[in-house]
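The values are calculated or read from the model by the stated rules, or taken from the named source; none is laboratory data. As the structure is a computational prediction, the values presented were derived from the model and not from experiment. Cβ: placed from backbone, ideal geometry, glycine included. Neighbour counts: every protein chain shown. To get the accessible areas, we keep the full protein, side chains included, count just its heavy atoms, and leave off ligands, DNA and RNA. Shrake-Rupley method; radii C 1.70, N 1.55, O 1.52, S 1.80 Å.
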Amino acid sequence: MSIEELLAARLRPAFDQVAGGSADPAVRRSQHADYQADGALALARGLGRAPREVAAEVVARADLAGLADLEVVGPGFINITVQTSALHSLLLQMYADSRHGVPAVPSPQTVIVDYSGPNVAKEMHVGHLRSTVIGDAIVRLLEFQGHHVTRVNHLGDWGTPFGMLIEHLLDIGEQEAAHELSVGDLTGFYQAARQKFDGDPDFKRRAQLRVVALQTGDATTRRLWRLLVDESEKYFLSVYSTLDVTLSAADFHGESSYNDELADVVDELSALGLLRESDGALCAFPAGFTGRDGAPMPVIVRKEDGGYNYSATDLAALRRRCRAYDRAVYVVGTPQKQHFAMVFAVGEAAGWVRPGQVEHVAFGSILGADGKMLKTRAGDSVKLSALLDEAVARAAVLAGSEDVAHAVGIGAVKYADLSADRVKDYVFAWDRALSLTGDSGAYLQYAYARIQSLLAKGGEYTPGFSLASPAERALALQLLGFPAAVAAAADALQPHRLTGYLQALGSAYTTFYETCPVLRAPSADIRDGRLGLADLTGRVLTLGLSLLGIRTPTPL
């Protein structure tokens, strides 16, 4: 239980007595006290009484003995000052708990999280970064809460482009193709196939026939397709390893894995009366979606030629997931917002989706300094592997070893992404990402490294906490806010709520360190107490960053 929840729980009986029913104390952090309860204002409106009078009655009835002192201020706010003895006790509990006060959820769910989703035979570019790191942070947060999480990497591994890719593979030979793909030259391989498809009518005809062979299960075609997929997956896994994300080979579930279910999806939707023919295609028309002309917008489930597109695949995936999991989370960019809203609406109409069971975790784009989509000087998409290599190279200037350079560089890229409100675009800048003094992963890693250096110099100490000065007290209160920050980030699926907390913690620690001598404290007790605050700060920093997928190396 977080300290906010503890204070609310102790205040709630008094609020309920005054209300004659249930009432929310509305406890929050305050600039004017440790915490503030705002619930008397809303309660007063319902009772038709003066807010200050209601707040005074709540304070008179409340029993917070041994925890906090209360004071009515302003029009009816209740200032809450946590007693020093209570702070000390709560910090000791947090120190002794490996989860640092974060409880496991009482009723864990089975959750499937769909994220990353690159395309076979195409290199991952910077546009894949957000889905991959946001999705991985969400998985880590939900798992830490105790939910049973399944990762799924929905690869683009099916459809008409594979006809031209397989034909190009045959043209250059299997060994040469495997070599190109194994060294990560997926873009060159794809572009060469595309160029032949667009410029060679004979190649185009062969590619179109190859698509038919692929879809009808021709053994040779399927084997060559599998070669493309396998080599691409090896490349994807190398990127994931560099990026320190938890996706593995077992998490690959491409569009092809739903192929055998597509006809059954059409049959089921047809039987429910949800499909009708439009220009030769079978379409669903979910309620509430219209085009600019006011006409209903279709979800094409089966094309005019009898083939299926990604909408059919997404519907098959949705049906399978909703039947097997309590909750399905899709970490996909904002441009796909309408598509998923329509697919989910069809799933609801079919009875597959329960209220609140599915969620599209949308996110904005990464921009360059010019405010436009991040591109190379030549105007091409920035390769993700190139961005990560540059991050490590730049971090090497700050770091003392290769391992530390990797942790700092990759941490800088991930923190820059996760610290932005995911629904918004953000500007990526190297100077800010690797800053040791600003809102950055490197700043927090540097704070952690300084703490470990301090603890090494301090040697053994008796666990305890010095809370005599304002800076010590401010750091203590910030530490106790960790459980609430984790809950807020996990519940809203918004990692930036945790990065914001960690940044505030780092700032509170810096103020404490600059104003409160630790190794030269005036007494052994105060020295031990300050070492305890530093130690707990380091532990919370490393746990908090790990929930974001960022490592905390000791030397920096």
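Sort through L87, L70, L64 and tell me the only one that's of a type outside the set (S, T, Y), assigned to a loop (DSSP other than H, G, I, E, B) and buried (at least 16 other Cβ atoms within 10 Å of the Cβ).
Numbers: L87 fails: assigned to a loop (DSSP other than H, G, I, E, B); L70 fails: assigned to a loop (DSSP other than H, G, I, E, B).
None of the others qualify; the one that does is L64.
So the check is Cβ under 6 Å with 6+ separation or different chains; which pairs have a first residue in region 458-469 that's loosely packed, with under 14 Cβ neighbours inside 10 Å and a second one that's modelled with pLDDT of 95 or more and not in a loop (DSSP other than H, G, I, E, B)?
Final answer for the pair search is T462/D528.
Counting only residues that are more than 16 Å from V120 (Cβ to Cβ) and of a type outside the set (D, E), which one in region 229-250 is surrounded by the most Cβ atoms within 10 Å (Cβ to Cβ)?
L243
For region 124-184, please list each of the helices (runs of 4 or more DSSP H) lying entirely inside it that holds at least 2 residues being open to solvent by less than 20 Å² (accessible area, probe 1.4 Å) and more than 13 Å from V229 (Cα to Cα). Step through it out loud before you land on a result.
On the way: elements: 129-145, 161-172, 174-182.
Here the list reads 129-145, 161-172.
Among the residues of region 498-520, write down those that are of a type in the set (A, V, I, L, M, F, W, C) and either free of Cβ contacts under 8 Å to residues at least 40 places away in the same chain or buried (at least 17 other Cβ atoms within 10 Å of the Cβ) (or both).
Applying the first criterion (of a type in the set (A, V, I, L, M, F, W, C)) to region 498-520 yields 498, 502, 504-505, 508, 512, 516, 518-519.
Within region 498-520, L498, L502, A504, L505, A508, F512, C516, V518 meet the criteria.
Within region 263-280, track down each residue that is touching a strand residue (DSSP E or B) at 6+ places or on another chain (Cβ under 8 Å) and in contact (Cβ under 8 Å) with a residue 40 or more places away in the chain.
V265, V266, L269, L274, listed by residue number.
Checking the conditions here, which among A250, A193 is part of a helix (DSSP H, G or I), more than 30 Å from A393 (Cβ to Cβ), under 36 Å from the mean Cα position of the chain (by Cα) and at pLDDT 95 or above? Walk me through how you get there before you give the answer.
Working: A193 fails: at pLDDT 95 or above.
Unique residue meeting the criteria: A250.
So in region 308-328, with the set limited to residues that are crowded, with 22+ Cβ neighbours inside 10 Å and not in a helix (DSSP H, G or I), which one is modelled with the highest pLDDT?
Filtering region 308-328 for residues that are crowded, with 22+ Cβ neighbours inside 10 Å and not in a helix (DSSP H, G or I), the one modelled with the highest pLDDT comes out as A328.
Does region 205-228 hold any residues that are within 15 Å of D171 (Cβ to Cβ) and either open to solvent by 80 Å² or more (accessible area, probe 1.4 Å) or outside any helix (DSSP H, G or I) (or both), and which are they?
Within region 205-228, R205, L209 meet the criteria.
Among what's in region 197-242 and is in contact (Cβ under 8 Å) with a residue 24 or more places away in the chain and acidic (D, E), pick the residue that is farthest from I550 (Cα to Cα).
Going through the qualifying residues, I end up with E231.
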